[in-house]
1. Taking the condition of being within 16 Å of the ligand (Cβ to nearest atom) and not in a strand (DSSP E or B), how many residues in region 33-67 meet it?
2. Quick check on my filter: what residues within region 158-187 are in contact with a helix residue (DSSP H, G or I) (Cβ under 9 Å, 6 or more places away or on another chain) and part of a loop (DSSP other than H, G, I, E, B)?
3. For residues that are of a type in the set (A, V, I, L, M) and farther than 24 Å from residue 333 by Cβ, tally how many sit in region 133-180.
4. Kindly indicate the residue of region 154-195 that is within 13 Å of the ligand (Cβ to nearest atom) and touching an Asp or Glu at 6+ places or on another chain (Cβ under 9 Å) and also nearest to residue 292 (Cα to Cα) among those meeting that condition.
5. For region 245-259, name all the residues that are among the small types (Gly, Ala, Ser) and either farther than 20 Å from residue 183 by Cβ or at pLDDT below 95 (or both).
6. Check region 288-297 and report whether any residue there is farther than 29 Å from residue 194 by Cα and touching a Gly at 6+ places or on another chain (Cβ under 9 Å).
7. Report, by residue number, each residue of region 207-228 that is of a type outside the set (D, E, K, R), touching a helix residue (DSSP H, G or I) at 6+ places or on another chain (Cβ under 9 Å) and closer than 19 Å to residue 248 by Cβ.
Amino acid sequence: MRRASAIAHPNLAFVKYWGKANSELNIPFNGSISMNLSSAKTVTTITFDEGYDQDHITIDGETLHHQAKAGLRISQHLDRLREIAHTSTFAQVITRNNFPMGTGFASSASGFAALTLAAASALGLELSKKQLSILARRGSGSACRSIPDGFAEWFAGHDNESSYAIEIAPVGHWDIIDIAVVVSNKAKLVSSSLGHELAQNSPFWAARSQIVSGRLARVRAAIEKRDFSAFGHEIESEALELHAIAMTSSYNLEASWQSGIFYWEPSTLHLLKLVQEWRATGLEVYFTLDAGPTVHIICRQQQEIEVLQRISGFASDLNWNMVVSKPASGSRIISDTDLEAETKN
Ligand code: PMV
C-alpha cells in the first residue's frame, strides 16, 4: 500500500487561457498568467493498493461511479502516472474542497494539481515542478498553473513537453487581493471545455490572437514592478475581451441555434458597473471574470475593508457570498498530521 496527501489552491487568471491549439493534450492557443488563491483549497489523499480491482473516487463525501464522466477523467489521469511508474495498481482517491464546486473557483485546477502531486508522490516518482505542471495540464489545462507558487505564467508551447507553468513572482511579492463575489450558484449552461472549442467561432478571435502576446508581456512587467494601475487596465480589458469572444461564439444547444455564450447573470453586470463607478470616484479597484458569473474584484490589501463595506452596503438584501484571497503557495505534499488539521478546518 502506497499513500500520499497533497494540497493545492485554485488559481485566478489575469491573462486568460481561452481556446485550445490541441484539445487532446490541452495545449492552449496562448500563454496565460495567474495567481493562486489562498482562501480556496483542495486536499487529496491517494492510496494505491494491490487489493483494489478498480479506482475508487470520493469527492466531497460523494463516491463517483467509476463509469461516471468525472470518475473516468480522474482514472484516465491516474493512468498517465501509472504508465510512468510502470504499474497497473488501482487507487482510492479522497478529495475535499473547502469551496462548493461550480461557484466561481476552478475546482478542476486545484483538483488535478493536488491529484497529480499526491499520485506522483505515492508512486515514488521524483518529478520536477516542470514535469508535474505538464502532467497536471493533461488533467485540466489551468491545473498546470496551480503547481508553482504565487504568480504563475503558463507558456503555451507547441507540444506536450513545452507547455507548462512556472512561478514568475513569489507569494509575498505583492499585497494585492482578490475579493470573489459569488453572485449566483446556478450551474453554468456551457462548460469551459465547450467554450474553448467554440472560441474560434467568434469573428473577434483573430483580433484577440493579435492582442494577447503584447498583453502577456505587459501584465508580466506590471506584476514585476508592482504597477497596480498598469496591471488593472490590462486585466480588466482582458476579462471583457474573453467575454466578448464568448458572447459572439455561436453554437447549437440541442436543437436550437444560439448566438453566443453568456456566462454573466444580471448581478454580474451590476457589479462590473459598480467597480467602474467606484474607480471614477477615486477607489482604485479592478475586476476580472472567469467563465462564470462570479466577479473577482482585485484591490490592494489596505482597501479590503472599504471594498467589502461597499459591496455589503449595496448587496445587503442580496444573497452574495464574498471570499477574500491573497496570493497562495503552489501544490504541496502534506503529512498525516497536517491532513488531520486540514480535514478539521
Ligand atoms: O482549465 P479550464 O478548461 O477550466 O479553462 C479555464 C478557463 C478560464 O478560467 C476562463 C481562464 C483561465 O485561464 O483560467
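The values are calculated or read from the model by the stated rules, or taken from the named source; none is laboratory data. Everything numeric here is computed off the predicted structure, so don't read it as measured data. Cβ atoms come from the backbone with ideal geometry, glycine included; neighbour counts cover every protein chain shown.
1. Total satisfying the criteria: 1.
2. 163, 174, 175, 183, 184
3. Step one: filter region 133-180 for residues of a type in the set (A, V, I, L, M), giving 134-136, 143, 147, 152, 156, 165-166, 168-169, 171, 176-177, 179-180.
Within this subset, residues satisfying the condition of being farther than 24 Å from residue 333 by Cβ are 156, 176-177, 179-180.
Matching residues across region 133-180 total 5.
4. Step by step, filter region 154-195, then rank; the result is 192.
5. Step one: list which residues in region 245-259 are among the small types (Gly, Ala, Ser), which gives 246, 249-250, 255-256, 259.
Residues satisfying the conditions are 249, 250, 255, 256, 259.
6. No, that holds for no residue.
7. 207, 211, 212
One line per residue, one yes/no per condition, for (1) within 27 Å of residue 96 (Cβ to Cβ); (2) within 16 Å of the ligand (Cβ to nearest atom); (3) not basic (Lys, Arg):
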{"site": "295", "(1), (2), (3)": "yes, yes, yes"}
{"site": "302", "(1), (2), (3)": "no, no, yes"}
{"site": "321", "(1), (2), (3)": "yes, no, yes"}
{"site": "342", "(1), (2), (3)": "yes, no, yes"}
